[in-house]
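Engineer: Below is the structure I would like to discuss, written out as structure tokens.
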Amino acid sequence: MLFCVVTFFYWASLYLYVPTLPVYAESVVGKLSMVGIVIASYALPQLLLRIPIGLYFDSTPRRKPLVALSLVMCAGGAAGLALADGAWSLVLARAVTGIGAAGWVAFTVFFTRYYESAASARAIGTINSVNQVALVVATGCGGVLAQAGGYHATFVVAALLALLGLFVLAFAREPAVEAGSVMKRQLQHVATRPLLVAAAAMAVLLHFANFASVFGFIPVYGARIGASSSQLGLITMLTLAASAVAAYTSVRLAERIGYSAALVSGAVVLGASLLLVPLTLTPATLALVQLFSGFGRGSLATLLMALSIKSAPPGARATAMGVYQAVYAAGMMAGPVVSGFIAETAELSVVFVVSAGLSFTIALLARHPVVRRS
């Protein structure tokens, strides 16, 4: 329970300012392409660091320090965003928060060790639901906080939340585990398992769509149709509330109807909701569409993470998770950058059509035999 509280503060710190960050960045840098680069800078450290973190995590019995370091980076990055006064200082500070987010590898595998090996998929569902609840609360409060106290207030409070998580972590029990046997020379063996490759490929497309839309240009689109900062926070909060419900229920659903069918359902819902975004003309209709988007997003994120855990033996799970999360970070980085240029050279609605197409591609990939056998 204490570790769930730590996880809550970790994600609340990372997402308190997310609903208004794209709008704030646009006010500072002036160009949507540069807004995309600011958002993408969050993903680059995750792309570079998650595999080394996974390897280290599997090789050491003392794993709590990695979790603590992640929280420190979250606090430092949020403080940096509060102090940033230009485009590249925003990029640097956002990259520091990305270093903190790279520690999600440590959080997820640390938590699964509280459970028997056979229950690891359900453990992922539980910790992902905590993740999503934190995002719901943070984004809802963040929009209100930004409207009441300004953008900088969200950064300061986010830093304080990370420090609060660090305090609670001191009282959380570390599960007793032995160091795994996975070494760097065995990385290729873990990384090339067919189920992990399939899950990571779908996750790249999912995170491209996520960071092009809900964590990228949905707030910009919402602001253009008249949404205030608090309304932007509410829209993101509803999206993530639906994701939280889906995160908790999706693994149980997949155990009944199969992972392939559950993935197809989530991908179709997400793709359809993204296609509808350009047709919304008021904040209320955008919120309704995003509610359905959240169901698709939450189910896909949880099921793909569960598959990455299932792809590896217990002693190599952090390595597998590191590979999986590092690969999907490519989508997190490409999504906002590519979408920023699309929005600037074509129009904003094209971003959502492209993201919808990638979501439907996930539905096709989910029918691959290696996924259907899982």
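Where a number appears in this text, it was derived from the coordinates with a stated rule and is not lab data. All of these numbers come straight from a predicted model, not from anything done at the bench. In this analysis, Cβ positions are derived from the backbone assuming ideal geometry, glycine residues included, and neighbour counts consider all displayed protein chains.
Engineer: State, to one decimal in nm, how far the label point of F341 lies from the label point of V370, with both points 7 Å from Cα in the Cβ direction.
Structural biologist: Label-label distance for F341 and V370, simple model: 2.9 nm.
Engineer: Right, next: Please find, in a Gaussian network model of the chain (springs between Cα atoms separated by less than 10 Å), the residue of G296, G165, G149 whose mean-square fluctuation is greatest.
Structural biologist: The residue with the greatest mean-square fluctuation here is G149.
Engineer: Sort the chain into rounded, prolate or oblate with this rule: let a ≥ b ≥ c be the square roots of the eigenvalues of the Cα gyration tensor; rounded if a/c is under 1.5, and if a/c is not under 1.5, prolate when a/b is larger than b/c, oblate otherwise.
Structural biologist: Cα axes put the chain in the oblate bin.
Engineer: A further question on this structure: In whole Hz, what ³J(HN,Hα) sequence does region 136-149 give by Karplus (6.51, -1.76, 1.60; θ = phi - 60°), x for Gly and Pro?
Structural biologist: Each residue's phi maps through the Karplus curve to give 4, 5, 5, 6, x, 6, x, x, 5, 5, 5, 6, 7, x Hz.
Engineer: A further question follows. When only DSSP loop residues count, what trypsin sites (Lys or Arg not before Pro) in region 95-180 have their Cβ near at most 14 other Cβ atoms within 10 Å?
Structural biologist: R173
Engineer: Take V350 and T192, extend 7 Å from each Cα along the Cα→Cβ direction, and tell me the distance between the two endpoints in nm.
Structural biologist: Label-label distance for V350 and T192, simple model: 3.9 nm.
Engineer: Mind giving me the FRET efficiency for E116 and V72? R0 is 30 Å, r the Cβ-Cβ distance, nearest 0.05 is fine.
Structural biologist: Computed FRET efficiency for E116 and V72 comes out at 0.45.
Engineer: At a threshold of 8 angstrom on Cα-Cα distance, excluding pairs fewer than six apart, so keeping six or more, what relative contact order does the chain reach in percent?
Structural biologist: Across the chain, relative contact order equals 30 percent.
Engineer: Taking the beta-carbon count within 10 Å as an exposure proxy, list R252, R193, R62 from fewest neighbours to most.
Structural biologist: Ordered by Cβ neighbours within 10 Å, fewest first: R62, R252, R193.
Engineer: Another question, if that's okay. What FRET efficiency would be calculated for the residue pair L281, L83, taking the C-beta separation as r and a Förster radius of 41 Å, to the nearest 0.05?
Structural biologist: The pair L281/L83 has a calculated efficiency of 0.60.
Engineer: Treating only the Cβ atoms of Lys and Arg (+1) and Asp and Glu (-1) as charged, compute the dipole magnitude of the chain about its Cα centre; round to the nearest 20 debye.
Structural biologist: Here the size comes out at about 980 debye.
Engineer: Which residue fluctuates the most in the chain, going by a Gaussian network model with Cα springs under 10 Å, if the choices are L135, L44, L253?
Structural biologist: Among L135, L44, L253, the largest GNM mean-square fluctuation belongs to L253.
Engineer: Which one, N128, A84, T20, is farthest towards the positive end of the dipole of region 1-135 when Lys and Arg carry +1 and Asp and Glu -1 on their Cβ?
Structural biologist: It is N128, whose Cα lies furthest towards the positive end.
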